[in-house]
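Peer 1: Shown below is the structure under consideration.
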Amino acid sequence: MDRRKSLQTLILGGAAATSGLVFNSCKTENGESIDEAITTSSEKYFGRTPAELERIEKINAEQLFNEHEMETIAALSIVILPPKEPHGGPIEAGVPELVEFMGKDIPDLAPTLLGGLMWLDHKSNTEFGTEFKSATLEQKKQICDEICWHDTEKPLSEQPLEIQFFYTMRGLTVTGYYTSKVGIADLGYKGNSPNVWDGVPQDVLDQHGVAYDPEWIAKCVDQSQRNVIAEWDDEGNLLT
C-alpha cells in the first residue's frame, strides 16, 4: 500500500469509526461511492484532480525563462546553497525548474525574477566585464553580498528590486532543495521508524506515585515480542 492509500485508509477509517457513517452509502454526482471515487482517483491522478493536472500541463507548456536565464538561475542557486557530497545541490534537486514553475504559477513573481536576473548581469558586466553566470565564485559572492540583506523595518515590497529578487530566490532555492528527494536525503530524514520503548521513565512514575505491575510490564515492554499481537480475555486481562 502506497503512502497516499495509507492516508486514505486512516482518514476514512477514522471518520467511519468516530461518526458511524458508512462511506459506501455516500455517492458522488456520477453515482460512484466516495471510497470508489477516491481509489479510482488515486490510481489515475496520484493525488491531483483532473483540473490540477490540466493546469500543471498548461504551466509546463509555457516558457518564462530563456536558456541563458535558466543557466543564471542555476549559477545563483549554487551560490545560495553550495552542493554537498554525496547528495548534490540545487541543480540535482531541480531547483531551476522549480523557480521557473513558480514564476509561471504565481505571475506576480515573474517581474521580480526577470528583473533580478537582468540586474545580476548588468551588475556583473559593470563590475567584472562578464555576465553573472560566467563570473568567478568570489565575484558572484561579492555581488550577492550587496543584495542579501534587507531593511526589516520596511515591507519587502518597498525594498529595491534586486533585494526583493534575492530574497525570493533564496526562499525558492532552500524550499526547492529541502523538499526534494536530494534535500531530504541530505537531512538524513528517514520518516517514522520503530524505536525501543521501556515504558514511562521511573522518575515520572515516582512523581505521580504509580508503578507498573511487573507481570504486565514484562509482557508489554518486551522488544522481542514487537511483532506479536496482544490477546486479551473477556475480562480485559492481557493473555499474551
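Peer 1: Find all pairs meeting these conditions: Cβ atoms under 6 angstrom apart; at least six residues apart or on different chains; first residue within the range 172-190 and among the β-branched types (Val, Ile, Thr); second residue surrounded by 12 or more Cβ atoms within 10 Å (Cβ to Cβ) and outside any helix (DSSP H, G or I).
Peer 2: Here the result reads THR173/LEU81; THR173/PRO90; VAL182/HIS87; VAL182/GLY88; VAL182/GLU92; VAL182/ALA93, each pair linking the range 172-190 to a residue that is surrounded by 12 or more Cβ atoms within 10 Å (Cβ to Cβ) and outside any helix (DSSP H, G or I).
Peer 1: Let me ask something additional. For the range 53-132, please list each of the helices (runs of 4 or more DSSP H) lying entirely inside it that holds at least 3 residues being open to solvent by 30 Å² or more (accessible area, probe 1.4 Å) and at pLDDT below 95.
Peer 2: In the range 53-132, 95-105 are the helices (runs of 4 or more DSSP H) which contain 3 or more residues that are open to solvent by 30 Å² or more (accessible area, probe 1.4 Å) and at pLDDT below 95.
Peer 1: Picking from LYS123, LYS84, which residue would you name as being over 16 Å from VAL174 (Cβ atoms) and of a type in the set (Lys, Arg)?
Peer 2: Of LYS123, LYS84, the one residue that is over 16 Å from VAL174 (Cβ atoms) and of a type in the set (Lys, Arg) is LYS123.
Peer 1: I would also like to ask the following. State yes or no: is ALA218 small (Gly, Ala, Ser), surrounded by 11 or more Cβ atoms within 10 Å (Cβ to Cβ) and at pLDDT 85 or above?
Peer 2: It is false that ALA218 is small (Gly, Ala, Ser), surrounded by 11 or more Cβ atoms within 10 Å (Cβ to Cβ) and at pLDDT 85 or above.
Peer 1: Go through the range 157-184 and give me each residue that's closer than 24 Å to PHE101 by Cβ and either outside the structural domain of LEU98 (by the TED database) or open to solvent by 50 Å² or more (accessible area, probe 1.4 Å) (or both).
Peer 2: Within the range 157-184, SER157, LEU161, TYR167, ARG170, VAL174, THR175, TYR178, THR179, LYS181, ILE184 meet the criteria.
The values are calculated or read from the model by the stated rules, or taken from the named source; none is laboratory data. What you see is a predicted model; the values in this text were computed from it and never measured. All Cβ positions, even for glycine, are placed from backbone atoms using ideal geometry, and neighbour counts span all protein chains on display. These area figures cover heavy atoms from the full protein model, side chains too; ligands, DNA and RNA do not enter into them. Shrake-Rupley method; radii C 1.70, N 1.55, O 1.52, S 1.80 Å.
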